[in-house]
1. Hey, among GLY240, GLY171, GLY217, GLY160, which residue is on the phi > 0 side of the Ramachandran plot and either in contact with a helix residue (DSSP H, G or I) (Cβ under 6 Å, 6 or more places away or on another chain) or surrounded by fewer than 18 Cβ atoms within 10 Å (Cβ to Cβ) (or both)?
2. Given the conditions (1) part of a helix (DSSP H, G or I); (2) touching a residue at least 40 places away in the same chain (Cβ under 8 Å); (3) of a type in the set (Gly, Ala, Ser), report the number of the one that ALA222 does not fulfil.
3. Among the residues of region 161-217, write down those that are of a type in the set (Ser, Thr, Tyr) and under 25 Å from SER235 (Cα atoms).
4. Are any residues in region 152-170 farther than 24 Å from PRO203 by Cβ, part of a helix (DSSP H, G or I) and either touching a residue at least 40 places away in the same chain (Cβ under 8 Å) or not hydroxyl-bearing (Ser, Thr, Tyr) (or both), and if so, which ones?
5. Select, from GLY240, GLY217, the only residue that is without any contact (Cβ under 8 Å) to a residue 24 or more places away in the chain, among the small types (Gly, Ala, Ser) and in a helix (DSSP H, G or I).
6. Please work out which one of (1) farther than 23 Å from MET211 by Cα; (2) surrounded by 15 or more Cβ atoms within 10 Å (Cβ to Cβ); (3) among the aliphatic types (A, V, I, L, M) is the condition ALA152 fails and give its number.
Amino acid sequence: MTKRLILGVILSGLWVSAFAQGLGPLSVEDRVQGSRQSAAASDEALMMLMQQLQQYEQEISMLRGQFEELRFELDNMKQAERDRYLDLDSRINALSATGTAVSSANNPQAATSAGAAVDTPADPEAERSAYMAARDLLYSSRFDDARKAFEAYLSTYPQGQFRDFSHFWLGEAWRSLDKPDREQAMVQFRTVIERFPDSSRVPSAMYRLAMLEAESGKTDQARATLNRVIQQFPSSSEAGYARTMLEQLK
């Protein structure tokens, strides 16, 4: 009886040991597999966060653009009122000065001079409407139509008051097409930076240019452009974006 009991204890111990050894490797594999799945889930979550951040940056940029345009238009309206007053005054003076010529209706040269004296410049309301129509197309994600509309605006109003905004949004249209044209977009952003250095769109244009340079594999140029954003506009939101992007490019 004692021998049977001792034999049973020994056999039980061997069975437990074998069972533990059999579970040991499987437990390690399960932990490794769980770690891999956790890492993959973390990478996917990080990718989604980066995509959302880029989308938020674009939406913020558009909202800031609208605010800047409204402020710009308000300043233009004030200037337009002053211009209308000066224009009216100049017309009165011109009509007074050409009164004698107008009374001599049989003199073609005099009539031409009188007509030239009251010529008016391009209609600012028509220009504004053309620009706003192009911008609305962009906001409606009709990027190809917006591209054509901004190009038409710049062709029709080569000295227009919305040129810097139009070049910026034209760059956005080029980079947002179903088949983006990065080179054309970079041309437009460089135009804003180089031809309109005082424009409020310059920091955003620089940041967009750096993004396109990085996407095109021009990493060194992208870093240089991002550093320009930080140095020239240290308090702008684009400077914060630039610092984050520099970390990603390391």
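Each reported figure results from applying straightforward, stated rules to the coordinates on display, with no laboratory input. Keep in mind that this is a model prediction, so the values were computed, not measured. Note that we place each Cβ from the backbone using ideal geometry, even for glycine, and neighbour counts take in every protein chain shown.
1. Working: GLY240 fails: on the phi > 0 side of the Ramachandran plot; GLY171 fails: on the phi > 0 side of the Ramachandran plot; GLY160 fails: on the phi > 0 side of the Ramachandran plot.
After applying the criteria, what remains is GLY217.
2. Answer for ALA222: the failing condition is (2).
3. Kept after step one, since they are of a type in the set (Ser, Thr, Tyr), are these residues of region 161-217: 166, 176, 191, 199-200, 204, 207, 216.
SER166, THR191, SER199, SER200, SER204, TYR207, listed by residue number.
4. ALA152
5. On the way: GLY217 fails: in a helix (DSSP H, G or I).
The conditions single out GLY240.
6. For ALA152, the failing item is (2).
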